[in-house]
Amino acid sequence: MGCGRSQTCATPTTPPVGGLDKARTDQHFAQAFDGSAARAQLAITDPKDEVARASNAFVQFLSGNRVCITDAPCGAGATVFAFLATIAELRAHAVLPREPLDVCLIGAEISGPAREYAAQVLSELRPTLEEQAIFVDAELLDWNVTDSMSTTDLIRKVTVVSSSCRKLLMVVANFNAFLEKERKRKDAQPQLEELFRHASGGNNMAIWIEPDMNRATREGGLFPWLINLIDNAWRRFVSRDSDFETASVQFALPLNPRKTVRVGLAVIAMILTRS
């Protein structure tokens with residue numbers, strides 16, 4: 001899908017922002033899905049040894065057994081599906097052992113069209129995953145991070161599903177445009193706190209991924225705000241052993257492999273432990 005006269009073309013500094021309507025979802029899916037997937041792949045493969053904590057956490061959680069993954073907001077599924085596809089590829093090349101991995105995926109997203117895309121992507125991806133003993137049981141929920149009742153419904157689902165899993169991995173990705181650009185941080189904070197608090201305990205972890213841009217990393221930006229919450233208001237149920245990590249790499253465009261563009265990653269790994 002190209003950029004027509006009525007569309008705004010994506011650039012590294014002005015990526016498209018998804019929305020509730022199909023037009024904005026389509027634009028975001030066409031122009032940002034590949035970058036989001038590349039960012040997730042960078043986080044898990046860490047080719048230049050820049051984000052070791054996050055990479056090790058992903059490999060640990062996705063090596064085998066039965067795991068619950070909460071992806072909120074999930075969008076069209078670029079982040080988690082890239083994680084799983086990367087694990088499958090590493091297994092196919094005997095880099096990782098081919099142990100049965102049962103994934104109970106809970107995708108939470110406010111955009112109905114985005115959830116439809118996520119379901120379609122998973123349907124296309126499922127045979128490749130299952131060839132490498134990765135089996136995904138997914139539920140895609142309507143979730144509004146600024147609404148307490150919506151978050152209560154999500155928490156209830158996570159509680160029920162994760163009870164049959166050995167561990168829970170909570171993934172938050174590409175949220176800075178909504179929280180920072182649209183100034184929803186204050187409205188979202190109580191619901192994010194509830195979600196993190198109820199996910200804490202046992203062997204659970206959270207990974208938060210954003211593009212490496214000023215809105216996420218500068219002083220007063222999203223990640224410094226998040227670190228302040230972890231160290232203070234959330235310290236009884238979230239901990240960290242480092243600040244956020246950053247990395248970048250050139251990746252080949254799927255529809256034009258001769259051309260490469262830079263993808264930047266900022267990521268923080270959190271332990272959801274209670275004290």
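Values in this text are rule-based calculations from the coordinates and carry no lab data. Source: prediction; values computed, not measured. A quick note on method: Cβ atoms are made from the backbone with ideal geometry, for glycine too, and the neighbour counts reach across all protein chains shown.
Of note:
- Placing pseudo-labels 7 Å out from each Cα toward the beta carbon at residue 56 and residue 152 gives an inter-label distance of 4.1 nm.
- Build a GNM of the chain with springs between Cα atoms under 10 Å apart, and of 75, 64, 220 the one that fluctuates most is 220.
- Charge tally in the Cβ shell below 13 Å around residue 134, where Lys, Arg are +1 and Asp, Glu are -1, residue 134 excluded: -2
- Choice from 94, 85, 38 with maximal GNM fluctuation in the chain (Cα, 10 Å cutoff): 94
- Counting only aspartates and glutamates at least 8 places from residue 48 when in the same chain, those with an alpha carbon closer than 14 Å to its own are 245.
- Computed [θ] at 222 nm, helices only, for the chain once each DSSP H run of length n ≥ 4 contributes -39500 (n - 2.57): -13500 deg cm²/dmol
- Here, the range 36-271 is characterised by an Rg to Rh ratio of 0.93, where Rg is the alpha-carbon radius of gyration and Rh the Kirkwood radius.
- Shown for the chain are the DSSP H helices of 27 Å or more along their axis, judged by Cα atoms, with a mean Kyte-Doolittle hydropathy of at least -0.5: 22-45.
- Burial ordering of 46, 243, fewest other beta-carbon atoms within 10 Å first: 243, 46
- Here the spin labels are modelled as points 7 Å beyond Cα on the Cα-Cβ line, and at residue 23 and residue 123 they lie 2.6 nm apart.
- Site pair residue 274 and residue 241 shows an inter-label distance of 2.2 nm when each label is modelled 7 Å from Cα along Cα→Cβ.
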